[in-house]
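The values are calculated or read from the model by the stated rules, or taken from the named source; none is laboratory data. This one's a predicted model, so the numbers in the text were calculated from it and none came from an experiment. Cβ: placed from backbone, ideal geometry, glycine included. Neighbour counts: every protein chain shown. Side chains are part of the model used for accessible areas, which takes the heavy atoms of the whole protein and leaves out ligands, DNA and RNA. Shrake-Rupley method; radii C 1.70, N 1.55, O 1.52, S 1.80 Å.
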Amino acid sequence: MRILLKLELDCTADAAWRALHSPRAVTELYGPLLDMAPMAASLPTSFEPGADVPVEIRALGLLPVGQQLIHASDRYTEDANGPVRIFRDSGIPLTGPLAALDVWDHQMAVSPLPGDPSKTLWRDRLTIGGIAALPLWPMLWAAWQYRGIRLRALAPTWSYDPPAAEDA
């Protein structure tokens with residue numbers, strides 16, 4: 001089963017790509033409803049390709065919802081409009097209700113918005129499978145709609161202008 005989002009975000013594709021790799025930005029997407037905390041000493045500053053990052057998810061920062069292993073990978077491709085960068089989390093829920101899923105494949109693609117490279121075309125696809133997929137789909141679909149709202153709200157804050165050489 002799949003859950004899809006396709007959004008136009010008010011930030012550059014470079015800013016969206018950096019945010020995809022930022023555990024802090026990812027945590028903000030689900031806040032304040034869900035909080036992602038490291039199971040190790042701390043979250044890395046960036047989800048690097050090949051990284052396995054175990055996290056604990058808590059509702060409202062208090063109630064344990066489950067543990068998840070985030071496995072990050074990157075892929076680069078092109079479509080009719082140009083370059084597309086894809087971040088993939090092929091980890092798996094370890095505990096909690098989502099652990100009943102056999103398949104968890106979350107891919108997020110970013111590219112410059114055709115006709116306006118100052119904005120991003122964001123495509124988000126979650127594929128789930130297993131006996132629990134059908135009963136969990138409505139809850140995950142609702143979570144992805146909330147995620148879309150948060151993506152639109154947070155994207156303008158992802159812009160980063162490095163200091164000019166003469167300012168450094």
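For the reader, a short list of remarks on this structure follows.
- Carbon + sulfur, % of accessible area of segment 21-168 - ligands and nucleic acids excluded, 1.4 Å: 62 percent
- Segment L62-T77, extension gain: residue separation times 0.36 nm, minus the distance between their alpha carbons: 1.4 nm
- Annotation: peptides 151-158, 40-47, 136-143, ranked by per-residue average of other Cβ atoms within 10 Å with the highest first, follow the order 151-158, 136-143, 40-47.
- Per residue accessible area of the chain, 1.4 Å probe, in Å²: 54 Å²
- Percent breakdown of C-alpha pair distances by 10 Å bin, ordered from the shortest bin, for the chain: 10, 37, 37, 13, 3, 0
- Shape box of segment 1-95 [Cα atoms, principal axes, largest first, Å]: 45, 30, 26
- Pairwise centroid distance, computed over Cα atoms, of segment 55-115 with segment 5-35, Å: 11 Å
- Other-chain or far-sequence residues with amide H under 5 Å of T95's (modelled H): Q67
- Modelled spin-label separation between A143 and A37, with each label point placed 7 Å from Cα along the Cα-to-Cβ direction: 1.8 nm.
- Take every Cα pair under 8 Å whose residues are at least 6 apart in sequence, average their separation, divide by the length of the chain, and the relative contact order is 28 percent.
- Rounded to whole Hz, the Karplus (6.51, -1.76, 1.60) HN-Hα couplings of segment 112-127, x for glycine and proline: x, 5, x, x, 8, x, 7, 10, 10, 8, 10, 10, 10, 10, 10, 10
- Over the chain, dividing the summed -39,500 (n - 2.57) contributions of all DSSP H runs of at least 4 residues by the number of residues returns a 222 nm mean residue ellipticity of -7000 deg cm²/dmol.
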